[in-house]
1. Along the Cα→Cβ direction, 7 angstrom out, place labels at residue 226 and residue 127. What is the inter-label distance in nm?
2. Run the numbers for residue 170 and residue 286: contour at 0.36 nm per residue of separation, minus the present Cα-Cα distance, in nm.
3. Under 5 Å between amide hydrogens, which residues at least 5 positions from residue 74 or on another chain qualify, with H placed 1.01 Å from N in the peptide plane?
4. Work out the FRET efficiency for residue 53 and residue 277 from their Cβ-Cβ distance, taking R0 = 45 Å, and round it to the nearest 0.05.
5. Between residue 107 and residue 138, what's the calculated FRET efficiency when r is the beta-carbon distance and R0 is 22 Å? Round to 0.05.
6. Using only the Cα atoms of the chain, what are the Rg and Dmax in Å?
7. Calculate one ³J(HN,Hα) per residue across region 40-47 by plugging θ = phi - 60° into the Karplus curve 6.51 cos²θ - 1.76 cosθ + 1.60, and present them in order as whole Hz with x for glycine and proline.
8. Starting from 0.36 nm per residue, how many nanometres of slack lie between residue 72 and residue 294 once their C-alpha separation is accounted for?
Amino acid sequence: QGITATAWGWWVMFQFPMVGLYTYTRPSWPAHWPTTVRRALVIGLAAVVLVQIGQYLTGETPGDNLAGLFGRRGTANLMLYVALVVSVGLGLWLARGTWKTLAVVLVLGMLASVLGEIKMFLPTVFSLGLLALGLFSVRQRRMGRLLLYVLLLLVVAWLFVVAYDAVVSTPRGTRPLAEYLQLRTLDRYLGTANRTIVDGRYVYEIGRNYALVYGWQEIARDPFTLLFGMGLGARGESRTLGAAGAGLAEGPLGLSVGTSMLVMMQELGVVGMAMLAGLFIWVVWRLHGDIQRYPQSEILWMRYALILFTVLWPVWLWYTTSWTIRVATLAYWSMVGYALAVPGVPAAAERPTGRLAQDEGVRRGR
């Protein structure tokens, strides 16, 4: 493929992780930066819900275009943002035992998902909740409080199902949410590819499970492609630059990117995917180690939230083009860089990162 498509593929792959690297190497941060980030994420979700309610009251139908501040066809962006904010709420509960923020973000996430017709909210909350409850049981070993939060998750899930059917299924005459739990319906929903015309060209709507099968078939054609993929940019397209990768241009599905899992399978191959998985495992291991070393740290909630969100990266990659979703990934990688750099309990208004603090200790002969 051309150098333009390859350069675009490199940019798409590394633009947001580079934000994390910048955050990690920044020499100092304001004293209350973590608290500011947490509040901004929650307030941002509240603002999205308010705009969604306004859209709904003015006649917008629940669906891809009812995504509040995320704009037209912005529900995938909204879903990942909801998942990150719910992770923050669960992290705060794990770190401090407070439930008010968790309750607020669960309710806001439920409202946002009902109005945006985001069915993924239910498995997202259950997955994050089960991970958080597992961490809680290992850390606290107090089952009485555990049952209270299990009940909270079940109530939110029940309210979501009731609200979804009342706002989406019944007015539109579509199937209720419970039918998506049937294997036949779920397989038809996730395993198909439909061709439509958008802006004068054919575009495929690729089912998420279909994307996995298609991606594997494409890279399994020869051993080298299976191991190393077709190279960065192979499944990328820049309309501004007028460049498309070889995987798009030569494939049978036309210029349909698909999910991030499909993109990475075809571009990175088995070796590249294993390296990416190794990166996520290392991040979780580092964060867990810092939790053990600094149990009183003021960013303990952030480390828990990042562990929850990072463990489920395979789900996010399978669900949508999550690797290039800006708002959620910018916040995620910024927090990753900060959490890996800052030591236990920073005390100064302008705090050095862990790496720079260690260098300073060496210079002073410690």
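1. 2.7 nm
2. Result: 37.0 nm gained on full extension.
3. 67
4. In this case the efficiency is close to 0.70.
5. 0.20
6. 21.7, 73
7. 5, 5, 5, 5, x, 5, 4, 5
8. Full extension from residue 72 to residue 294 adds 75.6 nm.
Values quoted throughout were computed directly from the atomic coordinates according to the rules given, and no laboratory measurement underlies them. Remember, predicted model here, so these are calculated numbers, not experimental data. Reconstructed Cβ throughout: ideal geometry from the backbone, glycine too, with neighbour counts over all protein chains shown.
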